[in-house]
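> Before I ask anything, let me first share the structure, which is written out below as structure tokens.
The values are calculated or read from the model by the stated rules, or taken from the named source; none is laboratory data. No experiment lies behind these values; they were computed from the predicted model shown. Don't worry about glycine lacking a Cβ; one is built from the backbone with ideal geometry, like all the others, and counts go over all protein chains shown. Each accessible area value is taken on the protein alone, full model and side chains, heavy atoms only, with ligands, DNA and RNA left out. Shrake-Rupley method; radii C 1.70, N 1.55, O 1.52, S 1.80 Å.
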Amino acid sequence: MRAVGLHADVIVTVSRAYQTTCTLVRSGNEALCVDSPVFPDELEVLPAIAEQAGFGVVGLLATHADWDHLLGRYAFGEAPLGCAETTAAFLVGHPGTAQRELRAFDEELYVERPAPLSLGGRVDIQALPVPGHCGIGVQELELHPADGHTQDGMAVWVPWARVLMAGDYLSPIEIPMLSGTGSAGAYLATLARLEPLVDQADHVVPGHGAPLDGARAAAILREDRAYVEDLMARGAEAKLPLARRSGAQRKVHAANCERVG
Ligand SMILES: [Zn+2]
């Protein structure tokens, strides 16, 4: 698993599965783990990466309720999980969904885990008001609504490091994906909300794919907006972004067409 330092207080790891990113953010003695890697060995090594860098992880954040972003408990078992109110509502309202999807992935790839995924109930999940702030050490993270990919979620802005954790937006490897609960209109509204943050960002961490500098992320934002607008206007005829036209991305496109059709 790759680990990259973006700032003295920000380390990003990129999983071998879906290039899912996990970001460690620190202020003073406290650090938070945002999203998660996927494979057991990656989760196992994460506490050592944090410790070596002097990041004392006291809590987890999840940008949204998709299972591949929720595995931080495997690395930091005792840590409370914070997420947007919309995400908490989804997790409480759909108990077992993340576990079921994780199990399907594990069965497909013959992956063994030390234990089933425990997300805890209402008590263990901290619902954060979004838009809003989340205190860490002597600083505050900014939380911005980021729905559209799914019906829930948030993007996290680290003001002192000028880093944006975008959730499942602005990916260099994945086209905009409207999941079962997603919406194209909400997706465009989220891109508009993220744009001023991207313009100020030194780095953008997409949910999937390596971290980007601000200029590259801004270019991807423009491509993604053009794609979603084209998708709404022309459905299946919509042009995929030039560098994201693999067979897998065409399947995502076909699913998006059903979603808007
Ligand atoms: Zn994802």
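> Principal axes first, then extents: for the Cα atoms of segment 134-235, list largest minus smallest coordinate on each axis, whole Å, largest first.
48, 26, 21
> Any idea of the accessible area per residue across the chain, 1.4 Å probe, to the nearest Å²? List each step's numbers first, then the result.
Values: 11360 Å² over 261 residues.
Roughly 44 Å² per residue, with all protein chains present.
> If the only charges are +1 at each Lys and Arg Cβ and -1 at each Asp and Glu Cβ, what is the size of the charge dipole of the chain around the Cα centre, to the nearest 20 debye?
Details: 20 positive and 33 negative charges, 115 e Å.
I would put it at about 560 debye.
> Across bins of 10 angstrom width beginning at 0, how are the C-alpha pair distances of the chain distributed, in whole percent?
Calculated P(r), rounded to whole percents: 7, 33, 38, 19, 3, 0.
> Could you bin all the Cα-Cα distances of segment 13-100 into 5 Å bins starting at 0 and give me the percent of pairs in each, rounded to whole numbers?
Result, from short to long distances: 3, 15, 26, 26, 17, 9, 3, 0 percent.
> Stokes-Einstein diffusion coefficient for segment 130-173 at 25 °C in a medium of 0.890 mPa s, Rh from the Kirkwood formula over Cα pairs: what value in µm²/s?
On the way: Rh = 11.1 Å.
Once the numbers are plugged in, D ends up at 221 µm²/s.
> Continuing with the same structure: Arrange the peptides 198-206, 182-190 so that the one whose residues have, on average, the most other Cβ atoms within 10 Å appears first. Intermediate values should be presented prior to the final figure.
Working: 198-206: 21.1, 182-190: 18.7.
Those peptides, ordered most packed to least, come out 198-206, 182-190.
> So what's segment 1-56 giving for Rg/Rh, alpha carbon basis, Kirkwood Rh from the mean inverse pair distance? Walk me through the numbers before you get to the answer.
Numbers: Rg = 10.4 Å, Rh = 11.1 Å.
Ratio of gyration radius to Kirkwood radius for segment 1-56: 0.94.
> Return the carbon/sulfur percentage of the accessible area of the chain, one whole number, probe 1.4 Å, all protein chains in place.
Values: 5820 of 11360 Å².
Of the solvent-accessible surface of the chain, carbon and sulfur hold 51 percent.
> Given the rule -39500 (n - 2.57) for each run of at least 4 DSSP H residues, summed and divided by the residues of the chain, what is its mean residue ellipticity at 222 nm, to the nearest 500 deg cm²/dmol? Mind showing how you got there, number by number?
Numbers: 6 runs with 87 residues, N = 261.
It lands at -11000 deg cm²/dmol.
> Moving to a separate point now. Mind giving me the FRET efficiency for GLU108 and ARG250? R0 is 30 Å, r the Cβ-Cβ distance, nearest 0.05 is fine.
Working: r = 21 Å, r/R0 = 0.69.
Calculated value: 0.90.
> If contacts are Cα pairs under 8 angstrom and at least 6 residues apart, what is the relative contact order of segment 132-182 in percent? Provide the component values of the computation, followed by the final result.
Details: 76 pairs, mean separation 15.6, N = 51.
Contact order relative to length: 31 percent.
> Relative contact order of segment 123-261, please, whole-number percent, based on alpha carbon pairs below 8 angstrom and at least 6 residues apart. Mind dumping the intermediate values first?
On the way: 242 pairs, mean separation 29.3, N = 139.
RCO, segment 123-261: 21 percent.
> What residue among PRO131, VAL111, ALA255 has its Cα farthest toward the positive end of the dipole of the chain, where the charges are +1 on Lys, Arg and -1 on Asp, Glu, each on the Cβ?
Going by the charge dipole, the pick is ALA255.
> How would you rank 109-116, 25-32, 159-166, highest first, on the average number of other Cβ atoms within 10 Å across their residues?
Working: 109-116: 9.4, 25-32: 19.9, 159-166: 21.8.
Going by the mean number of other Cβ atoms within 10 Å, highest first, we get 159-166, 25-32, 109-116.
> Please give the peptides 13-21, 62-70, 224-232 ranked by average Cβ packing (other Cβ atoms within 10 Å per residue), highest first, as a rough proxy for protection. Can you show the working numbers first?
Numbers: 13-21: 20.2, 62-70: 25.0, 224-232: 17.8.
Ranking, from highest mean packing down: 62-70, 13-21, 224-232.
> Suppose the chain between ASP199 and ALA127 were pulled fully straight at 0.36 nm per residue; how much longer would it get relative to their current alpha carbon spacing?
Working: separation 72, 0.36 × 72 = 25.92 nm, distance 2.83 nm.
Taking 0.36 nm per residue and subtracting the Cα distance, the gain is 23.1 nm.
> As an exercise, use a Förster radius of 45 Å and the Cβ-Cβ distance of GLU101 and GLU51 to find the FRET efficiency, rounded to the nearest 0.05. Could the numbers behind the result be given before it?
Numbers: r = 30 Å, r/R0 = 0.67.
Efficiency computed from Cβ-Cβ geometry: 0.90.
> Taking Cα pairs under 8 Å and at least six residues apart, what relative contact order does the chain come out at, in percent? Numbers along the way, then the final one.
Working: 536 pairs, mean separation 38.9, N = 261.
Relative contact order here is 15 percent.
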